[in-house]
Ligand SMILES: [Zn+2]
């Protein structure tokens, strides 16, 4: 369909760095450019682009190709579509053959849907520009202080109140109205037949992806809204339904408009509502985006991670905003994305009515000095954990319930940090900022880790003996044999495996504490902390936390002896006192704990998988199987990613924020 020489012309003219740079943040590395691969999740860049050779290659997932392949793969386009897009962008004329309706159909539903959205965007914009029909929409924009230039940038439009106007327009364009229903533009009219405009009598914000395609719409009521066809109260916001082109869990409002600024500032500012995005862009903050009426998803974080180095959250200061902030913090920590939280200026003084809430317009924001305050707030946003330490805690001061809630939230966050060193630093920062002992923070983390729902990382104590045979003898090959006092108390009632149900102590874990009791210099080393995170017994974890805070394990064990003799017997035995390589012992024990943990994790996973299959939840079963495979291979990055996506699915679902009044602007 496109002559070969034209293809070559396009290939020569298309700047592969510019095209790929639209989706991936690229850095120069010698003659080539590097970035995070958009085709597979990764933390260190293995995606390379060679402008000289005109191709890309990923050493992680082996994906490679030229500029056409990239557009085809990433934007789901056919070769001809990719070529046409690139030709348009780099000014190459493509001789076009007039398309028949059959040919258009053959090009696929996806393209037809994008075409429909483009037509609708044109229609809505024309209506907005019409002095009479677009009056309500323009009045609303005037009220919000949105300038024409910004309305154009976001391609804002207005859907007129007459039921059939869009359908009539689409008919004149010979569009497929059934497909318009599928893409969410039209809906069948229940009584009179025909179709009506789902967005009618609303201001329409097209959702545009980098590359320029309109994949869907988010529309809001502008005055006294017309009732729904069934007479019910209309929702304030309507977003496009899921379709071949609109995947809301991956989309962000404003991304196409913010992309360039993000490449410069290396950051992205996340706000809650679409109009926050528009208002801030007009006020000069152009690296701002919003999730589309849903709770933030791991997929959205992945998109942002490729394009920016850090995420700054600028959410409302109310209760729902706090919850959304917590949720976003958790996702970013899990995805290892740098995250900061900016406080909206004015929130503290005026009880939640910052410059962006309640319809403050951008002009007054700039004129009233609010923009400067906001810039200050964004530029000096605090790290996610410091946010807790200084903001939340200071608000909770004097209120015991609020303090313990804040600590629990922070602990839940820290429990997600995979890197033990990083976690250690955060624990220290938190303890410092919260003005509590490190042990208090550690205990809080241990407690929330105990109560984490999901895949049974924490086995029930009663399952332990069956699943981990007492192989502690193999756990520390360097430990002295019968030399120490190890025989004392090991036989008879002192054996933890023989202890009555409910108070059983995992023997491998007791060994770790015993070793540390005899070699206190190992406490608080990265090796010991690593072992700590693998302890499943809360009593032993508490002992370690206390020891880390300076208490003697021997004394702690003696005290515990009153309630639980086995701890005292083992820990006070001094069996590791003569060890030649206590650090080596500790590493070996830790390795043993890791093996055991993954065995238990796998067993739990198999159970969840079987029950998902039984319920017929194929999606869950597929993801659990992926997780099991990743666990088996020891791919920790993948494991973390799947676990986080599973938890979103299990805990929050894809709750529409707008339904609880959150997508406010
Ligand atoms: Zn890759």
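The values are calculated or read from the model by the stated rules, or taken from the named source; none is laboratory data. Values in this document were obtained by computation on a predicted structure and should not be read as measured data. Here the Cβ positions follow ideal geometry from the backbone for every residue, glycine too, while neighbour counts run over all protein chains shown.
Matching residues to (1) more than 26 Å from residue 245 (Cα to Cα); (2) within 12 Å of the ligand (Cβ to nearest atom); (3) buried (at least 16 other Cβ atoms within 10 Å of the Cβ):
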| site | (1), (2), (3) |
| --- | --- |
| 31 | yes, no, no |
| 41 | no, yes, yes |
| 44 | yes, yes, no |
| 57 | yes, yes, yes |
| 71 | no, no, yes |
| 79 | no, no, no |
| 85 | no, no, yes |
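Here the range 12-24 is the region considered, the condition is being modelled with pLDDT of 85 or more and assigned to a helix (DSSP H, G or I), and the residue that is farthest from the ligand (Cβ to nearest atom) is 18. The condition of being surrounded by 14 or more Cβ atoms within 10 Å (Cβ to Cβ) and either modelled with pLDDT of 80 or more or part of a helix (DSSP H, G or I) (or both) does not hold for residue 610.
Among the conditions (1) in contact (Cβ under 8 Å) with a residue 40 or more places away in the chain; (2) surrounded by fewer than 17 Cβ atoms within 10 Å (Cβ to Cβ), the only one that residue 168 does not satisfy is (1).
Taking the range 171-205 as the region of interest, how many residues are in a helix (DSSP H, G or I) and surrounded by fewer than 22 Cβ atoms within 10 Å (Cβ to Cβ)? Working first, answer last.
So the first thing to find is which residues in the range 171-205 are in a helix (DSSP H, G or I), and the list is 171-172, 177-182.
Restricting the remaining residues to those that are surrounded by fewer than 22 Cβ atoms within 10 Å (Cβ to Cβ) gives 171-172, 177-179, 181-182.
The number of residues fulfilling the criteria is 7.
Between 236, 247, the distinction of being in contact with a strand residue (DSSP E or B) (Cβ under 9 Å, 6 or more places away or on another chain) and touching a residue at least 60 places away in the same chain (Cβ under 8 Å) belongs to 236 only. Restricting attention to the range 539-582, the residues that are modelled with pLDDT under 75, assigned to a helix (DSSP H, G or I) and touching a helix residue (DSSP H, G or I) at 6+ places or on another chain (Cβ under 7 Å) total 4.
Only a single criterion out of (1) modelled with pLDDT of 90 or more; (2) surrounded by fewer than 19 Cβ atoms within 10 Å (Cβ to Cβ); (3) within 12 Å of the ligand (Cβ to nearest atom) is not satisfied by residue 63, namely (1).
Pairing each residue of the range 46-66 that is outside the structural domain of residue 26 (by TED's automatic domain parsing) and closer than 15 Å to residue 28 by Cα with any residue that is more than 14 Å from the ligand (Cβ to nearest atom) and modelled with pLDDT under 85, provided the two are 6+ apart or on different chains, yields no C-beta distance under 7 Å.
Residues in the range 251-265 that are touching a helix residue (DSSP H, G or I) at 6+ places or on another chain (Cβ under 7 Å) and under 15 Å from residue 218 (Cα atoms): 252, 253, 254.
Close contacts from the range 1-25, counting a first residue that is without any contact (Cβ under 8 Å) to a residue 40 or more places away in the chain and a second that is not in a loop (DSSP other than H, G, I, E, B), with Cβ to Cβ under 8 Å and a gap of 6+ residues or different chains, come to 17/33; 17/49.
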